[in-house]
Amino acid sequence: MQHVSLSIMQGEFVSLVGPSGCGKTTLMNMVAGFLRPTRGSVTLDGKAIAGPGPDRGVMFQDYGVFPWLSVEDNVAFGLRLAANRRSAQERAATVERYLRLMGLWDFRKAYPKTLSGGMRQRLALARAYAVNPEFLLMDEPFGALDAQTRSAMHDLLLDVLHAEGKTVLLITHSVEEAVYLSTKVVVISARPSRIREVIDIPFAYPRRHELQDTHEFGALKSRIYDLVMREYAAQEAQRKPADYS
């Protein structure tokens with residue numbers, strides 16, 4: 001990525017959209033502390049990010065849950081690590097809180113293989129939130145879900161964010177998802193990747209899916225979709241061999 005400068009304020013929900021391979025996941029991995037920039041810096045609260053930390057929770061597309069642990073033990077896992085260690089009583093209370101919030105309390109003794117895709121993603125969200133991160137990083141977390149489950153997860157995420165008040169960075173290929181969830185959408189260009197445009201989303205929270213039927217929502221979605229498709233076209237043009245005839 002070239003000359004990228006992006007600030008995310010506390011409490012914002014920022015989505016990154018753009019062509020595949022434009023560097024969205026690389027950018028998120030630098031915020032997560034999995035990668036370091038070759039030039040420039042990535043900071044959180046004014047301090048350089050040197051590696052992963054408990055102030056950032058990460059959700060991946062493949063759910064990221066441990067198949068050998070029960071639902072409750074998956075949520076409790078991070079609470080047993082040194083960075084987030086809780087007493088047994090605190091751990092039990094936190095696990096119950098988030099499993100009830102995600103509608104998974106009745107499945108607390110079950111194993112992930114017995115859960116539906118949507119339930120596994122709710123489990124991943126519960127585990128990410130249980131360690132109380134300041135910043136939630138989400139890399140295409142709903143991409144593998146069917147349309148109905150994806151829609152339900154959107155509303156659940158918005159409900160949890162309303163209750164918890166976290167800052168979120170989301171990678172998605174769905175412009176509709178980005179507009180519906182976000183306070184700000186960042187369009188990344190084709191390579192050499194840079195920020196093409198930052199769009200503020202004007203819709204107030206709480207949001208429900210009736211919003212998507214409004215003219216204002218449709219117009220904004222179309223505008224951002226057109227921006228993204230221009231970058232896809234630019235990327236395809238880069239792949240075509242030059243015509244020397």
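The values are calculated or read from the model by the stated rules, or taken from the named source; none is laboratory data. None of these values were measured; they are calculated from a predicted model. Ideal geometry is used to build each Cβ from the backbone, glycine not excepted, and the neighbour counts take in all protein chains shown. Ligands, DNA and RNA are stripped out before the accessible areas are found, and what is left, the full protein with its side chains, is counted by its heavy atoms. Shrake-Rupley method; radii C 1.70, N 1.55, O 1.52, S 1.80 Å.
Kindly check whether there is at least one residue in region 103-119 that is farther than 20 Å from Ser15 by Cβ, out of contact with any Pro (no Cβ under 8 Å at 6 or more places or on another chain), of a type outside the set (S, T, N, Q) and surrounded by 21 or more Cβ atoms within 10 Å (Cβ to Cβ).
So the first thing to find is which residues in region 103-119 are farther than 20 Å from Ser15 by Cβ, and the list is 103-119.
Then drop every residue that is not out of contact with any Pro (no Cβ under 8 Å at 6 or more places or on another chain), which leaves 103-110, 114-119.
Restricting the remaining residues to those that are of a type outside the set (S, T, N, Q) gives 103-110, 115, 117-119.
Next, from what is left, pick out any that are surrounded by 21 or more Cβ atoms within 10 Å (Cβ to Cβ): 104.
Scanning region 103-119, I find at least one residue that is farther than 20 Å from Ser15 by Cβ, out of contact with any Pro (no Cβ under 8 Å at 6 or more places or on another chain), of a type outside the set (S, T, N, Q) and surrounded by 21 or more Cβ atoms within 10 Å (Cβ to Cβ), so the answer is yes.
For Thr26, only one of the following conditions fails: (1) part of a loop (DSSP other than H, G, I, E, B); (2) open to solvent by less than 70 Å² (accessible area, probe 1.4 Å); (3) hydroxyl-bearing (Ser, Thr, Tyr). What is its number?
(1)
In region 73-93, what residues are open to solvent by 30 Å² or more (accessible area, probe 1.4 Å) and in a helix (DSSP H, G or I)? Working first, answer last.
Going residue by residue through region 73-93, those that are open to solvent by 30 Å² or more (accessible area, probe 1.4 Å) are 73, 77, 80-83, 85-93.
Asp73, Phe77, Arg80, Ala82, Ala83, Ala88, Gln89, Glu90, Arg91, Ala92, Ala93 - these are the residues of region 73-93 that are open to solvent by 30 Å² or more (accessible area, probe 1.4 Å) and in a helix (DSSP H, G or I).
Among Glu216, Glu236, which is out of contact with any helix residue (DSSP H, G or I) (no Cβ under 6 Å at 6 or more places or on another chain), assigned to a helix (DSSP H, G or I) and either small (Gly, Ala, Ser) or loosely packed, with under 11 Cβ neighbours inside 10 Å (or both)? Let's see the steps before the verdict.
Details: Glu236 fails: either small (Gly, Ala, Ser) or loosely packed, with under 11 Cβ neighbours inside 10 Å (or both).
Going through Glu216, Glu236 in turn, the sole match is Glu216.
(1) more than 16 Å from Gln61 (Cβ to Cβ); (2) outside any loop (DSSP other than H, G, I, E, B): which one isn't true of Pro19, the others all being true?
With (1) more than 16 Å from Gln61 (Cβ to Cβ); (2) outside any loop (DSSP other than H, G, I, E, B) applied to Pro19, the lone miss is (2).
Right, Ser41: under 15 Å from Glu140 (Cβ atoms) and of a type in the set (Gly, Ala, Ser) or not? Steps first, please.
Values: under 15 Å from Glu140 (Cβ atoms): no; of a type in the set (Gly, Ala, Ser): yes.
So Ser41 does not fit the description; no.
Suppose we keep only residues that are in a strand (DSSP E or B), under 22 Å from Glu140 (Cα atoms) and of a type outside the set (Gly, Ala, Ser) within region 45-72. Which one would you say is modelled with the highest pLDDT? Before you say what the answer is, go through the steps one by one.
Let us first name the residues in region 45-72 that are in a strand (DSSP E or B), namely 47-48, 56-59.
So of that shortlist, the ones also under 22 Å from Glu140 (Cα atoms) come out as 56-59.
Those still in the list that are of a type outside the set (Gly, Ala, Ser) too: 56, 58-59.
Details: Arg56: 90, Val58: 87, Met59: 85.
Taking the candidates together, the pick is Arg56.
Take the residues of region 49-72 that are in contact with a Gly (Cβ under 6 Å, 6 or more places away or on another chain) and open to solvent by 30 Å² or more (accessible area, probe 1.4 Å): which is nearest to Thr38 (Cα to Cα)?
That would be Pro52.
State which residue is nearest to Leu145 (Cα to Cα) when the search covers only region 45-86 and only residues that are in contact with a strand residue (DSSP E or B) (Cβ under 7 Å, 6 or more places away or on another chain) and not basic (Lys, Arg). So that I can check it myself, show each step before the final result.
If we filter region 45-86 for residues that are in contact with a strand residue (DSSP E or B) (Cβ under 7 Å, 6 or more places away or on another chain), which is where we start, we get 49, 55-61.
Keeping just the survivors that are not basic (Lys, Arg) gives 49, 55, 57-61.
On the way: Ile49: 32, Asp55: 27, Gly57: 21, Val58: 18, Met59: 14, Phe60: 13, Gln61: 10 Å.
This residue is Gln61.
Taking only pairs six or more apart or across chains, which ones have beta-carbon atoms under 7 Å, a first residue in region 38-66 that is under 11 Å from Ala124 (Cβ atoms), and a second residue that is of a type in the set (Gly, Ala, Ser) and part of a loop (DSSP other than H, G, I, E, B)?
Gln61/Gly143; Gln61/Ala144
Is region 196-204 home to any residue that is at pLDDT below 90, open to solvent by 20 Å² or more (accessible area, probe 1.4 Å) and of a type in the set (A, V, I, L, M)? Walk me through it before giving the result.
Of the residues in region 196-204, the ones at pLDDT below 90 are none.
No, the conditions are met nowhere in region 196-204.
Scan region 105-117 and give yes if some residue there is of a type outside the set (S, T, N, Q), closer than 22 Å to Pro52 by Cβ and modelled with pLDDT under 90, otherwise no. Full working, then the answer.
The first filter runs over region 105-117 and keeps only residues of a type outside the set (S, T, N, Q), leaving 105-113, 115, 117.
Filter once more, keeping what is closer than 22 Å to Pro52 by Cβ: none.
Checked region 105-117: no residue is of a type outside the set (S, T, N, Q), closer than 22 Å to Pro52 by Cβ and modelled with pLDDT under 90.
Given (1) open to solvent by 70 Å² or more (accessible area, probe 1.4 Å); (2) modelled with pLDDT under 90, identify the lone condition not met by Met9.
Result: Met9 fails condition (2) only.
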